[in-house]
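The values are calculated or read from the model by the stated rules, or taken from the named source; none is laboratory data. What you are looking at is a predicted structure, and each value in this text was computed from that prediction instead of being measured. Counting neighbours? That spans all protein chains shown, and the Cβs are built from the backbone with ideal geometry, glycine included.
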Amino acid sequence: MASLQRTLILTYTLTFARSLRRTKPPTGSRVHTRINGIDPVTGLRYDALDPELLLYVHACLVDSALLFEELTVGRLDDAGRQRFHEEQMLAAELLLVPHEIIPQPSPSSVRGSRGSKTGGVLQVTEGARRVAELFLDPPEERSGDRS
């Protein structure tokens with residue numbers, strides 16, 4: 001759960017940062033060097049530094065941020081969504097996604113990538129269900145607990 005929290009904090013930091021070009025590669029990239037192995041469910045090798053996996057996670061986070069904005073604030077027009085997408089391309093590079101594999105924004109990609117193909121590799125596991133449950137039924141905040 002701590003890694004999910006760190007990923008979300010990093011995403012929101014990058015989303016609202018104005019000086020991305022002056023930042024050094026994030027600490028998270030050093031953590032990713034230790035995340036690799038064989039997936040016990042699929043038997044496939046995984047590596048958190050795999051460029052395609054980095055791009056997939058980044059795309060999911062960008063799409064989620066745009067969907068959240070659409071469902072809550074709803075002020076971004078197509079031009080604003082396009083700008084956000086372009087800014088996030090720089091964030092992807094800072095997160096070690098090679099520039100040459102980052103898709104250029106198009107009207108359809110800016111509208112969201114929901115429904116993109118994953119090659120049948122993604123599976124819903126018990127861990128994923130537990131994370132989803134936190135969003136659907138968050139724990140109650142205890143008095144004085146703001147962290």
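Candidates Val41, Val62, Val57, Val31: the one that is β-branched (Val, Ile, Thr), at pLDDT 70 or above and not in a helix (DSSP H, G or I) is Val41. Looking at the structure I just gave you, is Ala79 at pLDDT 80 or above, assigned to a helix (DSSP H, G or I) and more than 18 Å from Thr7 (Cβ to Cβ)? Yes; evaluated as a whole, the condition is true for this residue.
Being hydrophobic (A, V, I, L, M, F, W, C) and touching a residue at least 12 places away in the same chain (Cβ under 8 Å) is the filter here; which residues of the stretch 61-92 pass it?
Taking the stretch 61-92 first, the residues hydrophobic (A, V, I, L, M, F, W, C) are 61-62, 65-68, 71, 73, 76, 79, 84, 89-92.
Result: Leu61, Val62, Ala65, Leu66, Leu67, Phe84, Met89, Leu90, Ala91, Ala92.
Selection of the stretch 44-54 for residues being over 25 Å from Gln88 (Cβ atoms) and not in a strand (DSSP E or B) yields only Leu44.
If you take the residues of the stretch 91-120 that are surrounded by 12 or more Cβ atoms within 10 Å (Cβ to Cβ) and more than 12 Å from Leu55 (Cα to Cα), which of them is modelled with the highest pLDDT? Among residues in the stretch 91-120 that are surrounded by 12 or more Cβ atoms within 10 Å (Cβ to Cβ) and more than 12 Å from Leu55 (Cα to Cα), the one modelled with the highest pLDDT is Pro105. Residues of the stretch 71-90 that are surrounded by 12 or more Cβ atoms within 10 Å (Cβ to Cβ), more than 13 Å from the chain's Cα centre (by Cα) and not polar (S, T, N, Q): Leu76, Gly80, Arg81, Arg83, Phe84, Glu86, Glu87, Leu90.
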